[in-house]
1. Out of residues 5 or more away from LEU89 or on other chains, whose amide H comes under 5 Å of its own, with H placed 1.01 Å from N in the peptide plane?
2. Taking each pair of distinct Cα atoms in region 7-195 once, what is the resulting Kirkwood hydrodynamic radius in Å?
3. Per-residue HN-Hα couplings for region 197-204, Karplus 6.51 cos²θ - 1.76 cosθ + 1.60 at θ = phi - 60°, whole Hz, x for Gly and Pro?
4. Using the Cβ atoms and a cut-off under 14 Å, what net charge is assigned to the surroundings of ALA29, where Lys and Arg are +1 and Asp and Glu are -1?
5. Averaged per residue, what accessible surface does region 7-195 expose to a 1.4 Å probe, in Å²?
6. Quick one: ranking ASP309, ASP297, ASP458 by accessible area, 1.4 Å probe, largest first, what do you get?
7. Taking each full run of DSSP H in the chain as one helix, which ones are at least 24 Å long along their axis (Cα atoms) and have mean Kyte-Doolittle hydropathy of at least -1.0?
8. Rank these by accessible area, largest first, 1.4 Å probe: THR64, THR272.
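The values are calculated or read from the model by the stated rules, or taken from the named source; none is laboratory data. Since the model is a prediction, treat every value here as computed from it, not as a measurement. All Cβ positions, even for glycine, are placed from backbone atoms using ideal geometry, and neighbour counts span all protein chains on display. When the accessible area is computed, the model is the full protein with side chains, heavy atoms only, and any ligands, DNA or RNA have been set aside. Shrake-Rupley method; radii C 1.70, N 1.55, O 1.52, S 1.80 Å.
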Amino acid sequence: MNIRLSKTKYLNGLQCKKLIWYVYNEPDAIPEPDESTQAIFAQGHLVGDYSKKLFPRGMEVDHTKSFEEGLKSTKELILKRVPIFEAALTYRNCYARADILEPVGRDKWNLIEVKSSTDLKDVNYDDIGFQCYVYTGAGLKIDKCYLMCIDNTYIRKGDIDPNKLFKKIDVTDEIKTSYSKTVENNVAYMVKAIEAKTFIEIGIGAHCNDPYNCPLIDHCWSFLPERNVFLLYRNKKLPMNLIQDGILELTEIPEKYKLSEKNQIQVDCEKTGKPHIDAVKIKEFLSTIQYPAYYMDFETCGSVIPMFDKSSPYQQIPFQFSVHVVKEKGVKPEHFSFLADGTKDPRPEFMAKLKEVMGTNGSVIAYNAGFEMDKLKKCAEVLPNYNKWVDSIEERIIDLLQPFRSFAYYNPKQDGSCSLKKVLPVLTGKSYDDMEIGDGGTASAEYCRVTFTDDNKDKEKVRKLLEEYCGLDTMGMVDIIEQLYILK
Ligand code: SF4
């Protein structure tokens, strides 16, 4: 077999020998990247385009014709001593295409790898170490190695400034002192694993999600029963140990394993099939609610490239709210909502409209309220007139997640999760399942599509679906509180 290890395949091999065997021997078994992975790729391309602006003399290697043409074109550009994007070189079984090669002095080069992340991760050393190994082996003199990633302290003012959008981290010492020999050894074992008649059986474990979610998870994890130990609430380590000891079912965890209080409640509920209800704690929680009660939920959008002035990379900008107001306990709620339109910054209108409906007294109830409070505080940073009002909201806020996160109420149908998406159907029978927009990620993506792109023929329909979705979040909270009153 003619093995040519690219950086991506090398990282596959580092993650798991079984995965690298499949990549070469049974590529059809590996599913196509899903929508969210593709969105991450698209984001990476966008970041790559901005990074190139930092090298106006830079030239791109043409990879559209053939592999050999890419190598040939790279050699020509190397002679020109210009910054090169995606320079393609081979060495032994390996093939590298680093994002940027920058000429230094008469005959040296800086190797720059561009990422859309906001900091250096361990995997970046492997990534850059591999590129450096190949380029050096192919005869280039590498001076410095850099990771160029997103500086999330950058605040947009006018056009995007690539000089401020990126930060460069020098990883030369780490790469040159420890990575070249390591890469050589790793490549050797990978080649052996790939050439083997069959894959090496590797058990499932933390490596299946580290540093990336392995595309073969569905395949390798399929032996687990439906009610398996990975449903344990906020517990990643114990399930791995249990699997190694051959314990797969939640109900089969022997007593010798010390469980947290919440995990124990979960296992007990699993065995009885009945919910756990701590009426005292629920009553205590409900006693904190003061009427009128304002049930509040936001939807947000964000991008690695800040969308508006006075916003930062990845900052989540609120574009929609839903508020249900219950004036007195048991009274029918009144609904208020806002959904931004147009391409301008939605924050000023969002804050003005929200302030109009929130009154001055009574509880403000949100699910995972820290999210909503964080968005309000970030808005007040750029709209300081709202500072005092945001403080007053914080004094009134109650987090409806609390009785579920504390396991005052737990139903085995929640599958070890306290999210609103799990709690709502269990307590009220309502569900997000049949909704065309039924989660925050889709809401954000659809809003951005119909608002900021030309792909918006269905804009009115999408806006209606967004209203329905956000409205269900707050009406659902009203219903959950009503159910808690019944339980207490
Ligand atoms: S799912 Fe885990 S065990 Fe299976 S190939 Fe991927 S990393 Fe290896």
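1. The list, which skips near neighbours in sequence, is ALA96.
2. Every distinct Cα pair counted, the radius reaches 17.6 Å.
3. Karplus-based 3J(HN,Hα) across region 197-204 equals 4, 9, 6, 7, 6, 10, x, 5 Hz.
4. On the way: positive: LYS18; negative: GLU26, ASP28, GLU32, ASP218.
Here the count lands on -3.
5. Details: 9690 Å² over 189 residues.
On a per-residue basis, 51 Å².
6. On the way: ASP309 80, ASP297 15, ASP458 55 Å².
Correct descending sequence by accessible area is ASP309, ASP458, ASP297.
7. Qualifying helices: 35-52, 459-487.
8. Details: THR64 115, THR272 95 Å².
So, going from the largest accessible area down, we get THR64, THR272.
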